[in-house]
Structures are given as structure tokens and as C-alpha cells.
1. Could you check the spin-label model distance between SER362 and GLU464? Points 7 Å from the Cα along Cα→Cβ, value in nm.
2. At a probe radius of 1.4 Å, what is the per-residue accessible area of ARG425, in Å² to the nearest 10?
3. Heavy atoms only, probe 1.4 Å: what % of the accessible area of region 312-469 goes to carbon and sulfur, would you let me know?
4. Using the basic label-point model (7 angstrom from Cα toward the beta carbon), what is the ALA373 to ALA4 distance in nanometres?
5. How far apart, in nm, are the 7 Å Cα→Cβ label points at ARG444 and ARG71?
6. May I ask you to derive the relative contact order of region 403-485, considering only C-alpha pairs under 8 Å and at least 6 residues apart, and to give it as an integer percent?
7. Using every pair of alpha-carbon atoms in region 298-337, split the distances into 10 Å bins beginning at 0 and state the percent of pairs per bin, rounded to integers.
8. Among THR398, THR385, THR32, what's the order by accessible area (1.4 angstrom probe), most exposed first?
Amino acid sequence: MKRAVYLETFGCQMNELDSELIGGALRTLGYTFTDQPAEASVVLYNTCSVREHAEQKVWSRLGEMAVRKSREPDLVVGVLGCMAEREGEKLMRRMPVVDIMVGPGELDKLPGLLDNAIRTRLSLLDDPRTQRLASTPWPDRPKTADLLSAGQVALQGNANRRSATLAAAQDTLELLDLSRAIDPETLGGKSAAGKSAYVRITRGCNKFCTYCVVPFTRGAEVHRPPEHIVDECKRLADAGMTEVTLLGQTVNHYRFEHGASVSIGGITQPQKGRAYGVGGDASGDPHRGEHVTTFADLLAMIHERVPGILRLRFVTSFPRSFGNDILQVMRDSPRMCRYIHVPAQTGSDRLLKLMNRQYTVSEYFEFLDRARAMLHQPEIGRPLTIAGDMIVGFPTETPEDHQASMDLLSRARYKNCYIFKYSPRPGTIAIDKYADDVPDAVKRARNNELLLHQNTISEQVGGEFVGQTMSVFVTGMSKLAVRRARPAAAAAASATTGRVSLTISGKPTSSEHSPHTHEHASPDNDDGCSISGSSVMTEQGPRSTLETASATTPASGPVQMAARTEGDVIAFFEMPNRTKAELLIGQIVRLRMTGNQPLALLGELADAVPGQANVQVS
Ligand code: SF4
């Protein structure tokens with residue numbers, strides 16, 4: 001009999017997608033999922049090494065599982081993702097409770113490894129030697145480690161994808177993406193998570209920023225065939241998805257060379273690339289349209305061939321080599337979101353060099369100016385919004401460097417920025433090369449200064465949207481401000497007009513800032529504005545911390561809704577009751593913005609559709 005699995009995900013969107021793929025593969029094999037670890041006989045952690053805090057959580061979870069396993073010896077525990085890759089055997093030595101380790105490059109092996117682990121544990125429990133040890137009463141009973149050494153085979157699936165087996169690893173990883181289970185029954189429902197999906201377009205990274213572990217844990221940059229990506233988008237659209245977010249560590253560097261890849265599982269490779277949309281050589285790539293599909297081509301292909309996707313977005317961009325060809329496709333494609341998340345990391349050229357970021361501050365601004373000149377059109381309700389990441393307290397950072405970062409925020413005018421305190425991460429280049437010489441108190445002070453400055457800027461940027469009418473993707477009912485009671489007069493006015501004025505007490509919490517958890521961010525951040533967190537795989541797929549609060553929302557009375565603009569700004573608005581509110585989740589509606597806070601807009605429904613609770617669904 002297949003077992004119940006608890007799968008918890010830490011870190012970035014890439015991990016969330018990996019968890020969805022793993023979940024689909026295991027479900028196909030008959031496993032069921034629970035969001036209660038106590039009910040599961042298989043516990044899997046999909047881990048992230050980018051931030052120390054996320055790793056500490058995993059160590060603590062493993063400690064809890066070790067205690068549990070001493071009572072439930074048939075429990076199977078797996079560590080997936082970056083920690084498995086980075087820690088390797090050390091992890092198993094430190095935590096013998098772990099039965100399975102699978103790095104991000106070999107996740108396709110998980111079903112086989114899990115099956116082996118379950119069989120191994122069962123046969124181990126049947127083994128008279130183990131039974132003898134296990135039946136020894138406390139306190140003489142051996143520790144879990146001794147029980148394991150009585151016969152358990154170490155099961156490990158981590159692999160360095162920079163090895164000679166890279167091509168083979170890519171083949172099987174591509175199969176994992178291709179086998180994605182897209183089931184309207186499990187993806188849909190009333191959850192906005194069921195209307196929004198991630199699609200991976202590249203794996204790995206070649207940039208080797210000195211503070212970052214990703215190139216070592218996820219390996220070299222590999223681009224998926226465009227036809228596979230388009231097909232996946234089509235299947236998602238057919239399953240009812242409204243929004244697709246394309247994922248890559250440096251997503252704008254997507255470039256598929258036809259004929260350069262190996263055949264995958266007998267699946268026919270795409271024909272030669274075509275130049276879509278803009279023609280010419282705006283990409284600067286002389287081979288474009290001959291045998292290369294660029295990122296601009298890919299965006300145009302998806303936009304043209306998958307009209308069912310009403311919102312197409314991508315994260316995360318690298319500031320260097322962001323061509324006009326991409327901007328032109330964004331400008332000419334009405335269903336492409338005008339949002340670019342493009343981390344600068346610091347405003348100091350000297351530190352950019354130490355970080356190996358491969359651009360200067362003036363090159364960064366050249367890009368922002370170019371993007372805004374082409375895409376910022378607030379007069380038609382389509383402003384371009386930009387989000388950034390900053391690292392504070394990188395080795396040798398001086399007060400002048402810090403001031404340069406403050407100046408960068410002033411000029412970049414991000415709608416929001418993820419600000420992280422630097423801490424050296426094992427496995428990175430910086431940990432060996434640079435002493436972590438900025439005192440923690442200084443990092444904290446600078447971190448707070450950047451955050452305060454960015455808060456002011458975010459509020460100003462949001463203020464520019466007030467009075468505009470914008471389309472928003474409704475993500476769910478707000479967790480924070482379900483309004484349980486209102487004066488009767490206001491309720492009556494709302495029932496008549498369908499439009500309500502909105503007041504919100506309190507500020508959005510970190511979990512409502514943005515759906516993003518940035519895969520780049522290095523450093524640990526106790527008090528920064530990251531929204532890094534964990535999500536749990538349920539029967540409906542990964543459960544986002546952002547989405548609905550429907551379980552706690554009263555059945556009657558006004559309901560506050562959360563939505564995202566195409567520029568990824570959170571917007572709150574109100575619906576008269578829960579029934580009408582549920583109709584909107586996962587839809588795109590038009591809001592007139594009536595006010596703003598540092599990280600959120602306040603709005604009201606702008607257009608009426610008879611019988612649809614005054615809802616304009618585009
Ligand atoms: S910070 Fe981003 S671009 Fe730099 S190495 Fe890490 S994943 Fe690659």
C-alpha cells in the first residue's frame with residue numbers, strides 16, 4: 001500500500017515548482033499527500049541553501065523527526081534540493097534519521113529512491129538484529145544511528161551536475177518537467193493558486209556571483225526546448241490557468257540552440273527557431289531566427305500560440321544583456337505583464353566587482369532608463385514597475401558604498417526591494433575569499449536605513465497609481481482584514497452600487513508583500529523585507545502563504561480581497577459577501593485605485609457586468 005507523504009518546501013519559486021513536479025510524479029504512482037506531518041509516514045523537505053535561516057529550520061525539523069522515528073521506525077525521511085547537494089554525506093552523518101537525499105539535479109530519481117527506502121526500512125524492521133536492538137528497553141536502547149547501522153543501506157541521490165553525466169542528468173530532468181501532471185481537478189477549484197502556474201525555462205546558472213551557492217547546487221545553465229515550454233503552457237491554459245510565470249535564475253538569458261541538445265526520451269525536437277514579433281537583430285544575436293530561439297522569441301511564441309494565458313510574466317532578470325528585442329515583445333504583447341524584477345545588489349561599482357556581478361551601476365541605470373522609455377505608459381493604465389534586491393554589509397562595505405546603495409534606491413524607484421543582510425554561506429566563493437568584516441550591528445543599522453528609505457519610495461510609487469484604473473489578478477480573500485461588520489448604511493450603499501470605499505487597518509504583513517521569494521538572495525535576513533517562507537504540498541499542489549483565507553472568512557458580510565496588478569503590486573478591494581468574492585478568485589478584473597500604503601494599493605471595482613456582482617472579467 002502506498003503511503004501518505006508530507007512535503008514541505010523552503011525557499012524560492014524554483015523549489016515550489018520542483019515540489020509540484022515531484023508531487024505529481026508521486027501522486028501518479030499512488031502516493032497520497034497530507035499537510036499534517038503527524039499523519040504522514042513519508043516526510044520530505046525540499047530545501048534551500050541560499051539563506052541560513054531556511055537551513056536552520058530544516059535542521060530543526062530533522063531533529064523532531066529523529067525523536068519521532070525512535071517511536072515509529074518505519075518513518076521514511078528525505079532531504080531534497082540544495083541542502084542535499086551542498087551537504088552531501090555530511091548531512092546523513094549528522095542526521096542519520098535521513099533515509100534519502102536528492103539534489104536538485106536528480107529529482108527525477110526520487111520515486112525510485114523512495115520506493116527503495118520504504119522497502120529497505122520494512123526489511124530492516126523484519127531483520128532479527130534490528131528487532132533485537134529495537135526491543136531493548138530504555139535507557140539501554142541504542143540510538144537511531146545504531147539501529148540504522150544494523151543494516152540500512154544509505155540511499156543517496158545527490159549529484160554534481162557539472163560532471164560527465166550532465167547530458168544524461170538533463171535528459172531525465174527534462175522528462176520530469178515533461179511529465180508534469182496538469183489535472184484540472186486538482187489544480188483548479190476556488191484557489192488562485194490553481195489559476196497561476198510556474199513554468200521553468202532554464203535550469204542552473206553560469207554567473208558565479210561570489211555570494212551565491214546556486215551555480216554549485218543547481219549546476220550549469222541549461223535551456224529547455226521552446227516547443228516543450230509552449231506545450232506546457234498550452235496544457236496549463238487548457239486546465240484553466242489564467243497566469244503563467246516563466247522561471248529561470250537569469251531568465252532573460254534564455255537562448256536555445258536547435259540541434260545542440262540531445263534527443264529526449266524519443267520526443268521530437270523542435271524545428272529551427274523563428275524570429276517572432278520584432279524581426280531584425282534587436283537581440284544582437286547574429287544567429288537569431290536561423291537556429292537560435294532567444295528569450296524574446298520564446299515570449300512572442302507563447303503569447304501568440306497560447307491566447308488562453310491572460311497573464312504572462314517572468315522572473316528573475318539579470319541586468320546585463322537585457323536586449324530591446326525583449327522590451328519590444330513586452331510592449332507589443334497585451335497579455336505580457338509590465339513588470340521586471342532585476343536585482344542590482346549594491347550601488348557601489350567596487351562592490352559589484354567583488355560580487356562578480358559583471359555590470360556597473362551606470363550600465364544598470366542605462367537598462368532601467370531604456371526599459372522605462374519603452375514600457376512605462378501610465379496614461380493607458382500600463383505603467384512599468386521594477387523590483388530589486390539589495391545586499392547590505394557585503395565584505396569591505398564602507399559608509400560611502402552604503403550611501404551609494406541609498407542613492408541607487410532613490411534613482412531606481414523600485415516598487416519594492418528585497419533587502420538582505422550579508423552572511424557568508426558555505427559553498428560560495430565569497431566565504432573563502434573575503435572576510436565577513438562588517439560588524440553585525442552596522443549591517444543591521446544599514447539594513448534598517450535602506451528599508452525605511454525603500455518604504456518611502458514604495459509609498460510614493462504606489463501613490464502615482466492612485467486614480468488609475470488597472471487590471472488585477474485576484475489572488476484570494478485577504479487574510480488580514482476580513483471585515484466582519486460594517487455600518488448598515490455603508491453596507492446598503494455597497495449593495496446598491498457594488499462599489500465600496502475601503503479602509504484597511506494595519507499594514508500588510510510580509511506574507512502579503514509579494515508572491516516572490518527571490519532565488520538569488522544570498523544572505524540571511526532576520527529583519528529584512530524578504531518574504532521567504534515555506535509551503536506545504538497538499539492534494540491541490542503547493543499551498544502558498546499568500547493566497548486565500550477562505551477557511552476563516554465568515555459566510556456573510558463584506559469580504560476584503562487581495563489581488564496583484566500586472567506590475568506585481570498588491571491591491572486590496574472589497575466585495576459585499578463571500579459568495580460574490582469566491583466568483584472572482586483567479587480572475588482578472590479592473591480596479592480603480594483609491595488609495596495606497598507603502599506596499600499595497602487600495603481600490604474598488606471599476607466596471608460592471610450585469611449579474612456578475614458588478615465585476616468586469618477580462
Ligand atoms: S545571484 Fe543569481 S545570477 Fe548570481 S550566481 Fe546566484 S543565481 Fe546566478
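1. 2.4 nm
2. Surface accessible to solvent at ARG425 totals approximately 10 Å².
3. Here it works out to 53 percent.
4. According to this spin-label approximation, the distance is 6.0 nm.
5. Here the modelled spin labels are 3.8 nm apart.
6. The normalised contact order for region 403-485 reaches 41 percent.
7. Calculated over all Cα pairs of region 298-337, the distribution is 28, 57, 14, 0 percent.
8. These residues rank, largest area first, as THR32, THR398, THR385.
The values are calculated or read from the model by the stated rules, or taken from the named source; none is laboratory data. Small disclaimer: the values here were computed from a predicted structure and weren't measured. Positions of Cβ are generated from backbone atoms using ideal geometry, with glycine treated the same way; all protein chains shown enter the neighbour counts. Accessible surface areas use protein heavy atoms only, side chains included; no ligands, DNA or RNA. Shrake-Rupley method; radii C 1.70, N 1.55, O 1.52, S 1.80 Å.
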